[in-house]
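Student: Before anything else, here's the structure in question.
The values are calculated or read from the model by the stated rules, or taken from the named source; none is laboratory data. All values reported here derive from a predicted model rather than from experimental measurement. So basically every Cβ, Gly included, is an ideal-geometry build from the backbone, and we count neighbours across all protein chains shown. Please note that ligands, DNA and RNA were not included when accessible areas were found on the heavy atoms of the full protein model with its side chains. Shrake-Rupley method; radii C 1.70, N 1.55, O 1.52, S 1.80 Å.
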Amino acid sequence: SAVYSDRHRALREVADILTHARSGEELRILGISLGDFLCPHGRLYGPTAAALAAGVNIRALLLDMNSDSAKTRAQREESIAGVTPSFDGPGWELGYHDTRCFDELKTASDVARTYFKQYDGKRSNPPGGTVGRFSGHVYTLSPLCFLAIYDKTMLLESYHYAGRGGEAPILRIAKTTQGSEHNTRLFDIYAHHFEILWGLSTPLVPPPTEAP
């Protein structure tokens with residue numbers, strides 16, 4: 001385990017995970033916009049697409065851009081024209097759509113919908129094999145943390161309302177400790193947190209309706 005006070009170092013480890021991830025394995029990621037992974041300007045945008053093309057499966061949980069939680073997050077993180085409007089103010093709805101938070105959430109959601117169609121786990125990927133499967137869900141609850149889980153490694157960052165995401169230390173948590181075969185309690189707790197939130201979330205692309 002380790003503590004990263006520098007987000008760039010933590011993202012380099014995630015990039016290394018994406019580069020060396022094996023076909024058929026799964027990466028689970030949870031965040032607000034997951035902009036580093038899903039926005040074209042993100043530092044992990046290229047490695048994420050390359051991993052999917054190489055057969056790695058990804059489940060992504062991001063905040064619903066139309067939720068009250070997203071609007072509250074935007075209000076706390078940034079002002080609009082130098083002024084932070086009241087949440088119930090008459091200009092807030094229009095102002096929210098001008099925030100960086102909304103812009104990143106919309107961009108990431110659009111990319112996620114494209115990935116859902118492009119990386120379906122079925123399409124062949126020359127010279128052999130198939131692409132990975134991308135699944136994207138959105139949640140409406142208040143965001144609590146950033147998570148990246150792959151194999152026996154977890155990266156965890158707690159969120160707060162005192163600034164933008166990415167301004168807190170990131171913990172690297174091993175699934176097991178040296179000399180033990182049992183999972184660490186912290187790893188199990190946050191892996192379970194991801195699965196609970198996944199079950200409470202909504203697919204970005206609704207499943208097809210079955211014919212009667």
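Student: Could you tell me the calculated FRET efficiency between LYS152 and SER23, based on Cβ-Cβ distance and R0 = 30 angstrom, to the nearest 0.05? Kindly include the intermediate steps, with their values, before the conclusion.
Tutor: Values: r = 18 Å, r/R0 = 0.59.
After rounding to 0.05, the efficiency reads 0.95.
Student: For Cα extents along the principal axes in Å, which listed value, (1) 63, 43, 30; (2) 54, 50, 35; (3) 58, 43, 28, comes from the coordinates shown?
Tutor: Correct label is (2).
Student: Leaving out ligands, DNA and RNA, and with a 1.4 Å probe, what % of the accessible surface on region 96-197 is carbon or sulfur?
Tutor: Details: 2840 of 5570 Å².
Carbon plus sulfur share of accessible area: 51 percent.
Student: Using 0.36 nm per residue, how much length does the chain from GLU195 to SER180 gain when fully extended, once their Cα-Cα distance is taken away?
Tutor: Numbers: separation 15, 0.36 × 15 = 5.40 nm, distance 2.44 nm.
Roughly 3.0 nm would be gained on extension.
Student: Only four residue types carry charge here, +1 at the Cβ of Lys and Arg and -1 at the Cβ of Asp and Glu. Report the dipole size of the chain about the Cα centre in Debye, rounded to the nearest 20. Spell out each step's value before the answer.
Tutor: Numbers: 22 positive and 24 negative charges, 107 e Å.
The calculation lands at about 520 debye.
Student: Still on this structure: Test of understanding: in a Gaussian network model of the chain with alpha carbons linked when under 10 Å, which of ALA162, ALA191, ALA54 would top the mean-square fluctuation ranking?
Tutor: Taking springs between Cα atoms under 10 Å, the residue moving most is ALA162.
Student: In a Gaussian network model over the chain where Cα atoms closer than 10 Å are linked, find which of SER23, SER135, SER109 has the largest mean-square fluctuation.
Tutor: The residue with the greatest mean-square fluctuation here is SER23.
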